[in-house]
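Participant: My questions will all concern the structure given below.
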Amino acid sequence: MANFFQKIGDLDRRVIFLLIALAVIIPITTDLIIPNIVGAEPSRDMFDYVDALPEGSNVIVSFDYDPSTMPELQPMAEAVVRHLFEKNHKVIGTALWPQGAALGQHAMSTLADSLGKEQYVDWVNLGYKTGGAVMIVRMGTSIKAVFPADRDNVPWEDIPMLEGINSLKDIQLVISLSAGDPGIIAWVMMAGDRYGIPIGGGCTAVSAPQLYTYLQTDQMVGLLGGLKGAADYETLVGIEEGPAVKGMSPQSIAHLVIMMFIIIGNISYFSRRKGGAR
Amino acid sequence: MNWEILGIWLGAAVTLCLYSFLYRDNPFYKFVEHLFVGMSAGYWVIYSIYNVLIPNWWENLFPADGGFDAIWLVPGIFAMFMLARMVPKVAGLSRLALGMIVGTGAGLNMVTFFQSNALAQVKGTMISVAAGSVWEVFSSLVLVVGVVSGLVYFFFSKAHTGFVGRTANMGITILMVAFGASFGYTIMARLSLLIGRCTFLIEDWLPTIPAMLGLGG
Amino acid sequence: MRLVIPLAITFTAGMIMILNFFIPHQPFAFLGEHLQEWYMIVASGAIFLGTANLLHVHVRKMKLRLRNWQYSPVTIIGLVVMLILGLIYGVEEGKPFDYLFMNMVAPMGATMFSLLAFFVASAAFRAFRASNWRATLLLSSAFLVMLGQVPIGAMIWNKIPLAKVWLMAIPNTAGQRAVMIGAAMGVVATSLRMIFGIERSYLGGAD
């Protein structure tokens, strides 16, 4: 047995690749559903905050990501936008990442069609701007100066829902869906701490631990961390079998497989050390 | 032609080409890798033109009500200076543009990082020491001791010996727990991306194969 | 002289932003707002610089027949196709530019990064060792998070998600905050050095 564990340390990496692929593929093909439970997570705080906003609030959803993190953030975007539409809030899309402008457009337009929401009345996609934090600071004094037209070059004056909106002070909540920098941190620093606008957010699982610091200080009203955050929001909004909730089953199995790898790798390491090998 | 199905097949083809790298490096992977770089760059340029240069520069330079606002030549010229880096004879001009970018960023970051990531964090740590249940008080203490000892670990102006050394050791312990959490979340993130692609291949692409092969369905 | 003007610009821009923060009134409000708007335009110049550099690198690669030069035309064609389609049809939803983005660029980007799942698993198997008590603590923390983040964790023991929430809210926050405060002080110091011309490496190392 000890010999087996010593040898397994030299396992071809392609075998590991294959096992990981199977850990993901089998739960998807077998439609395995493990129900997602939402505990006392920051995702619940985020949902509660959006839910308690007065109807017709102006909410900026900033799509600060690109396709590389789409599987995590797109389900989040869809769940958040759906919730905002259902609560009859006005959704103003922006993007600090160029590719976020197109991904946000698809999330908003698809949901708007199914929920009967009208572009320029209930939602608008203002598109992408360079500058990150600098751009947000300028929005603090004039959003129109940053976005004189929307993503499709429709002038600000021709968009009815933007009437009466001048600066960030007219925005009741900013939700940044962020894959890194610029993203949530820029919104917290500029819109939140400088202009006092409530900031919520969704982020990739990689950046979630860092952002917990902003939750304890109330610099953020809530946070959706990775696919789990997206699944929580889908569950709270009432989306049955949304992409994130469905993703939780392969995620569960794959986590177990990786933990098993780590344990076997350690047994192999210690048995080699005991046997005198490196 | 069914553009939707063609789009799915294009997506599946590039996905499979990229995954072929898992076996070993090969021409299919390299082809798609190079294509990705080129198409992404093209996307960035087009969005910069349509979403930044036209609305934020050109339409300020030539306002809709006619006329010409010469002050907007300044950022245009500075943006051109940025490109001067490509021409060795005038490459020095790009420093002017860099100076503006770096100066603006530094001025903004200096005050906001201090406000949001230093002062607000110190305040949050102090306020966390609150009365409540035994568990809440214990948690508050862990937070305060964790932050202070973590900071001591990063303080290199004093040798990590004696009391400072013991505090710094406690700091490493807290940092290890935090890094462990980060590692756990990183594993989750990478797997989520894989789940997304596998779901696409299994649920979007596979069902279109019979239709593409003319088998009905 | 080659450095004096860029350093003067850095100093002026930096001071305008600082004064605009502390005194958000005229003339600093006016200066700050204009600088912010100009910044967006100048920063977009970097995107064009990057693209020009990409073209330059690949054309050079083809000219000199460097390693893997055969793939350089693929990059150039990809770039040119997106540019032409974008300029002719625009970026609106459903147009050819958007179609290629959603059906090619998006899958390529998503797949490229999903490859990391395999490598992170392989690395965890080969390198994640509980070789001392601190490494074991790191490992335990990672395990708790990995179980607490997925529903199967609660199925194993219903206290696991609660423990994960506490770990994230308290020890994780403490560790991350220590790093954050330290990094913030670094940003403040570096920014001051840049504004006052002590740090000049961003100007290309010229003296």
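What follows is calculated from the coordinates using simple rules that are stated; it is not laboratory data. This one's a predicted model, so the numbers in the text were calculated from it and none came from an experiment. Note that we place each Cβ from the backbone using ideal geometry, even for glycine, and neighbour counts take in every protein chain shown.
Participant: Report, in degrees rounded to the nearest 10, the 0 to 90 angle that the Cα long axis of helix A:226-237 makes with the longest principal axis of chain A.
Facilitator: Compared with the principal axis, the helix lies near 60 degrees.
Participant: Another one. Using a 10 angstrom Cβ neighbour count of at most 13 plus a DSSP loop assignment to flag exposed trypsin sites (Lys or Arg not before Pro), which longest range of chain B is free of such sites? Provide the component values of the computation, followed by the final result.
Facilitator: Working: sites that count: B:ARG24, B:LYS158.
With a cap of 13 other Cβ atoms within 10 Å, the longest stretch comes to B:25-157.
Participant: If you wrap a convex hull around the alpha carbons of segment B:115-160, what volume per residue comes out, as a whole number of Å³?
Facilitator: 75
Participant: Please state the shape class of segment C:3-42: rounded when a/c is under 1.5, otherwise prolate if a/b exceeds b/c and oblate if not, all from the C-alpha gyration tensor. Let's see the in-between values first.
Facilitator: Details: a/c = 2.80, a/b = 1.44, b/c = 1.95.
Because a/c hits 1.5 or more and a/b fails to exceed b/c, segment C:3-42 counts as oblate.
Participant: Another question about this same structure. Looking at the protein assembly as shown, what % of its DSSP beta bridges pair antiparallel, to the nearest 5? Don't jump to the answer; show the numbers that get you there.
Facilitator: On the way: 1 of 26 bridges.
Of those bridges, close to 5 percent are antiparallel.
Participant: I'd like to verify something in chain B: which complete DSSP H helices, judged by Cα projection on the helix axis, reach 15 Å or more and average at least 0.0 on the Kyte-Doolittle scale? Spell out each step's value before the answer.
Facilitator: Values: long enough: B:3-19 (24 Å, 1.55); B:27-48 (32 Å, 0.62); B:73-83 (16 Å, 2.32); B:94-113 (27 Å, 1.14); B:134-153 (28 Å, 1.95); B:162-199 (55 Å, 1.06).
Those that clear 15 Å and a mean of 0.0 are B:3-19, B:27-48, B:73-83, B:94-113, B:134-153, B:162-199.
Participant: Same structure, new question: Under the rule of -39500 (n - 2.57) per DSSP H run of 4 or more residues, summed and divided by the residues of chain A, what mean residue ellipticity at 222 nm is obtained, to the nearest 500 deg cm²/dmol? Walk me through the numbers before you get to the answer.
Facilitator: Values: 11 runs with 138 residues, N = 278.
Computed mean residue ellipticity for chain A: -15500 deg cm²/dmol.
Participant: Now, a different point. How big, in percent, is the set of alpha carbon pairs in segment A:151-275 lying more than 27 Å apart? Walk me through the intermediate numbers first.
Facilitator: On the way: 3430 of 7750 pairs.
Summing the P(r) of segment A:151-275 above 27 Å gives 44 percent of all pairs.
Participant: Treating only the Cβ atoms of Lys and Arg (+1) and Asp and Glu (-1) as charged, compute the dipole magnitude of the protein assembly as shown about its Cα centre; round to the nearest 20 debye.
Facilitator: Values: 45 positive and 45 negative charges, 794 e Å.
About 3820 debye.
Participant: How much mean residue ellipticity at 222 nm does chain C get from its helices, if each DSSP H run of length 4 or more adds -39500 (n - 2.57) and you divide by all residues, to the nearest 500 deg cm²/dmol? Intermediate values should be presented prior to the final figure.
Facilitator: Numbers: 9 runs with 153 residues, N = 207.
Estimated from H runs of four or more residues: -25000 deg cm²/dmol.
Participant: So what's the back-of-envelope 222 nm ellipticity for chain B, counting only DSSP H runs of four-plus at -39500 (n - 2.57) apiece and dividing by all residues, rounded to 500?
Facilitator: Numbers: 8 runs with 140 residues, N = 217.
Mean residue ellipticity, 222 nm, calculated: -21500 deg cm²/dmol.
Participant: I need the shape label for segment B:1-49. Rule: rounded when a/c is under 1.5, else prolate if a/b > b/c, else oblate, with a, b, c from the alpha carbon gyration tensor. Spell out each step's value before the answer.
Facilitator: Numbers: a/c = 3.48, a/b = 1.22, b/c = 2.86.
Since a/c reaches 1.5 but b/c is at least a/b, the shape of segment B:1-49 is classed as oblate.
Participant: Here's another thing I want to ask about it. For all pairs of alpha-carbon atoms in segment C:88-160, what percent lies in each bin of width 10 Å, listed from the first bin to the last filled one?
Facilitator: Once binned at 10 Å, the Cα pair distances of segment C:88-160 give 16, 24, 25, 16, 14, 5, 0.
Participant: Simple spin-label model, 7 Å along Cα-to-Cβ: C:GLN70 to A:ILE264 in nm?
Facilitator: Placing both labels 7 Å beyond Cα along the Cβ direction yields 3.7 nm.
Participant: Let me spell out the model: positive unit charges on the Cβ of Lys and Arg, negative unit charges on the Cβ of Asp and Glu, origin at the Cα centre of chain C. What dipole size does that give, in debye rounded to 20?
Facilitator: 1040
Participant: With viscosity set to 1.567 mPa s and temperature to 4 °C, compute the Stokes-Einstein D of segment B:132-196, Rh being the Kirkwood radius across alpha carbon pairs; µm²/s, no decimals.
Facilitator: Numbers: Rh = 13.7 Å.
Estimated diffusion coefficient is 95 µm²/s.
Participant: Sort largest first and round to whole Å: the equivalent ellipsoid semi-axes of segment C:128-207, each the square root of five times a Cα gyration tensor eigenvalue. Mind dumping the intermediate values first?
Facilitator: Working: eigenvalues 349, 45, 26 Å².
Calculated on Cα positions only, the semi-axes equal 42, 15, 11 Å.
Participant: What's the whole-number percent of alpha carbon pairs in chain A lying beyond 32 angstrom? Mind dumping the intermediate values first?
Facilitator: Values: 12308 of 38503 pairs.
Everything past 32 Å amounts to 32 percent.
Participant: Starting from segment A:79-128, pick out the trypsin sites (Lys or Arg not before Pro) whose DSSP state is loop and whose Cβ has at most 10 other Cβ atoms within 10 Å. Could you put the intermediate results ahead of the total?
Facilitator: Working: sites: A:ARG82, A:LYS87, A:LYS90, A:LYS117; in loops: A:LYS87, A:LYS117.
Sites meeting the loop and neighbour criteria: none at all.
Participant: Loop-only check: which chymotrypsin sites (Phe, Trp or Tyr not before Pro) in segment B:8-105 are DSSP coil with at most 10 other Cβ within 10 angstrom? Each step should come with its number before you reach the end.
Facilitator: Details: sites: B:TRP9, B:TYR19, B:PHE21, B:TYR23, B:PHE28, B:TYR29, B:PHE31, B:PHE36, B:TYR43, B:TRP44, B:TYR47, B:TYR50, B:TRP57, B:TRP58, B:PHE68, B:TRP72, B:PHE78, B:PHE81; in loops: B:TYR23, B:PHE68.
Here the chymotrypsin sites (Phe, Trp or Tyr not before Pro) that fit, given the DSSP loop and packing criteria, are B:TYR23, B:PHE68.
Participant: I've got another one for you. Could you check which residue among B:SER139, B:SER157, B:SER182 shows the biggest mean-square fluctuation in a GNM of chain B with a 10 Å Cα cutoff?
Facilitator: Of B:SER139, B:SER157, B:SER182, the Gaussian network model singles out B:SER157 as fluctuating most.
Participant: Let me ask another. Given a 10 angstrom Cα cut-off, can you work out which residue in A:ILE267, A:ILE20, A:ILE175 is the most mobile in a GNM of chain A?
Facilitator: Highest fluctuation of the listed residues: A:ILE267.
Participant: Over the C-alpha atoms of chain B, what are the Rg and the largest Cα-to-Cα span, Dmax, in Å?
Facilitator: Using the Cα atoms of chain B, the pair Rg, Dmax is 27.8, 78 Å.
Participant: Given 37 °C and 0.692 mPa s, how large is the Stokes-Einstein diffusion coefficient of segment C:40-112 in µm²/s, with Rh as the Kirkwood radius over Cα pairs?
Facilitator: Values: Rh = 13.9 Å.
The calculation lands on 236 µm²/s.
Participant: Along the charge dipole of chain A, Cβ charges K/R +1 and D/E -1, which of A:ILE159, A:ALA101, A:ILE258 sits furthest on the positive end?
Facilitator: Farthest along the dipole direction, towards plus: A:ILE258.
Participant: What are the principal axis extents of the Cα atoms in segment A:113-160, in Å, biggest first?
Facilitator: The Cα atoms of segment A:113-160 stretch 35, 21, 18 Å along the principal axes, largest first.
Participant: What is the angle, in °, between the Cα long axis of helix A:70-86 and the longest principal axis of the Cα atoms in chain A? Nearest 10 is fine, range 0 to 90.
Facilitator: Helix A:70-86 sits roughly 40 degrees off the main axis of chain A.
Participant: Right, here's the next one. If Rh is defined by the Kirkwood formula over all Cα pairs and Rg also comes from Cα, what ratio Rg/Rh do you get for chain C? Don't skip to the answer; put the middle values down first.
Facilitator: Working: Rg = 25.4 Å, Rh = 23.6 Å.
A ratio of 1.08.
Participant: Work out which helices of chain C, taken as complete DSSP H runs, extend at least 24 Å along their axis over the Cα atoms and score a mean Kyte-Doolittle of 0.5 or more, then list them.
Facilitator: Working: long enough: C:4-22 (27 Å, 2.04); C:28-63 (51 Å, 0.53); C:72-89 (26 Å, 2.36); C:106-127 (32 Å, 1.39); C:173-195 (32 Å, 1.05).
Span-like helices in chain C: C:4-22, C:28-63, C:72-89, C:106-127, C:173-195.
Participant: Rounded if a/c is under 1.5, else prolate if a/b is larger than b/c, else oblate: which is segment B:63-105, with a ≥ b ≥ c the root eigenvalues of its Cα gyration tensor?
Facilitator: Numbers: a/c = 3.96, a/b = 1.84, b/c = 2.16.
Because a/c hits 1.5 or more and a/b fails to exceed b/c, segment B:63-105 counts as oblate.
Participant: Mean projection of the alpha-carbon convex hull of the protein assembly as shown over all orientations, in nm²? Could the numbers behind the result be given before it?
Facilitator: Working: hull surface 141.6 nm².
Computed as one quarter of the Cα hull surface, the answer is 35.4 nm².
Participant: Rounded to the nearest whole Å³, what is the per residue volume of the convex hull around the Cα atoms of segment C:1-89? Each step should come with its number before you reach the end.
Facilitator: Values: hull volume 14.2 nm³, N = 89.
Dividing the Cα hull volume of segment C:1-89 by its residue count gives 160 Å³.
Participant: Right, next: For segment C:44-102 and segment B:77-94, compute the distance between their C-alpha centroids and round to whole Å.
Facilitator: One Cα centre to the other: 21 Å.
Participant: If you take the C-alpha gyration tensor of segment A:162-232, multiply each eigenvalue by 5 and take the square root, what semi-axes do you get, largest first, in whole Å?
Facilitator: On the way: eigenvalues 98, 33, 21 Å².
The answer is 22, 13, 10 Å, longest axis first.
Participant: With r as the distance between the Cβ atoms of A:SER167 and B:VAL90 and R0 = 41 Å, compute the FRET efficiency 1/(1 + (r/R0)^6) and round to 0.05. Write down the numbers at each step before the final one.
Facilitator: Details: r = 40 Å, r/R0 = 0.96.
It comes to 0.55.
Participant: Compute the Kirkwood hydrodynamic radius of segment B:36-88, taking the inverse of the mean of 1/r over all pairs of distinct Cα atoms, and give it in Å to one decimal. Could the numbers behind the result be given before it?
Facilitator: Details: mean 1/r = 0.0791 Å⁻¹.
For segment B:36-88, inverting the mean 1/r across all distinct Cα pairs yields 12.6 Å.
Participant: Here's another thing I want to ask about it. DSSP loop trypsin sites (Lys or Arg not before Pro) in segment C:23-69 with at most 13 other Cβ atoms within 10 Å of their Cβ, which ones?
Facilitator: Numbers: sites: C:ARG60, C:LYS61, C:LYS63, C:ARG65, C:ARG67; in loops: C:ARG65, C:ARG67.
Within segment C:23-69, the qualifying trypsin sites (Lys or Arg not before Pro) (loop, at most 13 other Cβ atoms within 10 Å) are C:ARG65, C:ARG67.
Participant: Return the single residue from A:MET259, A:MET139, A:MET190 with maximal mean-square fluctuation; model: Gaussian network over chain A, springs between Cα atoms under 10 Å.
Facilitator: The residue that fluctuates most here is A:MET259.
Participant: Which whole number gives the average, over all residues in A:174-186, of C-beta atoms from other chains lying within 10 Å of the residue C-beta? Show your work: numbers first, answer last.
Facilitator: Working: counts 0, 0, 0, 0, 0, 2, 0, 0, 0, 0, 0, 5, 3.
For this peptide, the per-residue mean of nearby foreign Cβ atoms is 1.
Participant: If you don't mind, another one. Within a 10 angstrom radius of each residue's Cβ in A:242-254, how many Cβ atoms of other chains show up on average? Whole number is fine.
Facilitator: Values: counts 0, 4, 3, 1, 3, 7, 6, 4, 7, 11, 8, 3, 11.
Mean shielding count: 5.
Participant: Along the principal axes of its C-alpha atoms, what lengths does segment A:65-190 span, in descending order and rounded to whole Å?
Facilitator: 35, 33, 25
Participant: By how many degrees, between 0 and 90 and to the nearest 10, does the Cα long axis of helix A:243-274 differ from the longest principal axis of chain A?
Facilitator: Value to nearest ten degrees: 40.
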